[in-house]
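Below: one structure, written as structure tokens.
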Amino acid sequence: MRLSQLTIGIMLGCSLVACGGNQAPSPTNAPIPTATVAPTEQLVEVTVTYLDDAELDTAFSFGTANDPIVKGEMLMMASTDRSFAFEVVDFERGAQALTTITTLDPTYAGPPAGYEVGLVRAKITHGRTHPEPVVLDGAQISLLVFSNAEYRSVKDMQGLPCCFEPRFDTPVAKGEMLEVYFPILVALDDPNPLLVINRDNADNADAEHFALQ
């Protein structure tokens, strides 16, 4: 009787050992989850520079006579009644310009004393603010030359060649791009004349100066 009971006890003990192999690991043996470490905050040093009036004027001098828009750079110009982009593509002056001009106007007698003729090639793109064509001359927009510290209106210059097509005052329709070329006069001894686009007077605050050289 004792033998039978002992045998059963051994069998039950083996069964418990076998089942214990399929049990989940004890919490004491489970892997410890890795804690998320918050990123360390870094201090960033910021330097604040205060500009005086002269430095502030220089910072906002883009498009002025002292800091003109360079050749090949397109500038978008917009106001309440017009919007267009303008870019000086190329500029010839002196003998080089005369060679081109004589093919278009063989009767051209040459510039007045103290000046030489120049030929500007530019791109004009009409903005989409208003549907009316843009004209770079007349009552809407003035085209000037800044040479030897003097502003002169292109349309009032005497001694320019004629018969240029298209002329600088050609209307540009909405959404279109037009490449134009037109003659100007520059002082003989001025190495860096500027082309100026303005609405009214040469000293208007919104006048934009473009480098030609």
Item to check | Boolean, LEU119 is part of a loop (DSSP other than H, G, I, E, B) and within 19 Å of GLU179 (Cβ to Cβ) | outcome: no
Checklist entry - Which ones in the stretch 121-160 are β-branched (Val, Ile, Thr) and under 24 Å from the mean Cα position of the chain (by Cα)? => result ILE124, THR125, THR129, VAL134, VAL135, ILE141, VAL145
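One line per residue, one yes/no per condition, for (1) surrounded by fewer than 21 Cβ atoms within 10 Å (Cβ to Cβ); (2) more than 23 Å from VAL186 (Cβ to Cβ):
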| residue | (1), (2) |
| --- | --- |
| LEU75 | yes, no |
| GLY94 | yes, no |
| THR102 | yes, no |
| PRO112 | yes, no |
| GLY127 | yes, yes |
| HIS130 | yes, yes |
| LEU144 | no, no |
| SER147 | no, no |
| SER153 | yes, no |
Checklist entry - Does the stretch 101-123 hold any residues that are over 20 Å from ASP137 (Cβ atoms) and either among the polar types (S, T, N, Q) or free of Cβ contacts under 8 Å to residues at least 60 places away in the same chain (or both), and which are they? => result THR102, THR103, PRO106, THR107, TYR108, ALA109, GLY110, ALA113
Checklist entry - Among (1) over 18 Å from VAL70 (Cβ atoms); (2) modelled with pLDDT under 90; (3) crowded, with 17+ Cβ neighbours inside 10 Å; (4) not charged (D, E, K, R), which single condition is ASN201 missing? => result (3)
Item to check | the stretch 114-145, subset of a type in the set (Ser, Thr, Tyr) and at pLDDT 80 or above, residue nearest to VAL172 (Cα to Cα) | outcome: THR125
Item to check | Subset of the stretch 62-100 (residues that are hydrophobic (A, V, I, L, M, F, W, C) and either free of Cβ contacts under 8 Å to residues at least 40 places away in the same chain or over 22 Å from PHE210 (Cα atoms) (or both)) | outcome: PHE62, ALA95, LEU98
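The values are calculated or read from the model by the stated rules, or taken from the named source; none is laboratory data. Here the structure is a predicted model, which means the values were calculated and not measured. Quick reminder, even Gly has a Cβ in these numbers, built from the backbone with ideal geometry, and neighbours come from all protein chains shown.
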